[in-house]
Every structure is written in C-alpha cells, then in structure tokens.
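Written below as structure tokens is the structure these notes are about.
Each value in this text was obtained by applying a stated rule to the coordinates, not by laboratory testing. Computed from a predicted model, the values in this text were never measured in an experiment. Backbone-built Cβ (ideal geometry, glycine too); neighbour counts: all protein chains shown.
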Amino acid sequence: MLGYSAEITSVKKAAEAIALVSEELRASEAKFRQAFASANTGMCIVDLQGKFLEVNGKMIEIFGYGKRELEGMTVNDLTVPEDAGVSPEFIEQAVKGEVESHLRKALSA
C-alpha cells in the first residue's frame, strides 16, 4: 500500500507542475500577444517561405493593406525587386540564429 500511495503522490505532484507550467505559458503568451498588438512598430510573424502568418495593426497602417490581405502576402510582395533574393537567405539565417540584431550591433559598436 505504501508504494501505491507514493506513486499517487508523485502523479499528483507531476500534474500540479504541469498545471503551473501551463498557466505560466498562457500568461506569457497573453503578454506577448498584448505587446505584439499594441507595438508602435510594424511587426509580423512569417513562415519559412516568407509568408505573413500574422501582422499587427501598425504594420497594417504602414503598408495600407487590410489584415487578411497582408496575411495572404509574402515578404517579397512588399520588397523592392532588387532585394527580392535577400529574403529567403535572411529567413534561413534567422532560423539558424545567425542574424545579428540591430540592437546587438549598436551595443557592440
């Protein structure tokens, strides 16, 4: 009976830990969503092919397209033709963590 009780206690502790982590994740996502939506700069989430998955209100304002319209476009749809080849390479580097942010560049200068 003692082994059974210890197993139940372990399962309960694991379930409580999962519930706590899930709640923290929900809170973190809510903060991100709020920051994304209210940012005073155009922000977007793109997939690996450069398609806009989500755009914020400032990006809509900057480009003058509707939300659904922008979310049906790709980065290259908004890029000048001379730079169209840069987008796939940039996305690949960003995914690999090889892109240095403007902030890091400014701080290291």
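A few remarks follow.
- Exceeding the 31 Å Cα-Cα cut-off - candidates K31/K67; K12/K96; K67/K96: K12/K96
- Highest-MSF residue in the chain out of F63, F52, F36 [GNM, Cα springs under 10 Å]: F63
- Dividing the mean sequence gap of close Cα pairs (under 8 Å, 6+ apart) by how many residues region 10-104 holds gives a relative contact order of 19 percent.
- Answer label for Rg/Rh (Cα atoms, Kirkwood Rh) (calculated), chosen among (1) 1.22; (2) 1.00; (3) 0.92: (1)
- Tilt relative to the chain, helix 86-95 - C-alpha long axis, 0 to 90 degrees, to 10: 20
- Degrees separating the helix 2-38 axis from the principal Cα axis of the chain, which is the longest one: 20
- Once exposed loop GluC sites (Glu not before Pro) are cut out (DSSP; at most 12 other Cβ, 10 Å), longest piece of the chain: 1-97
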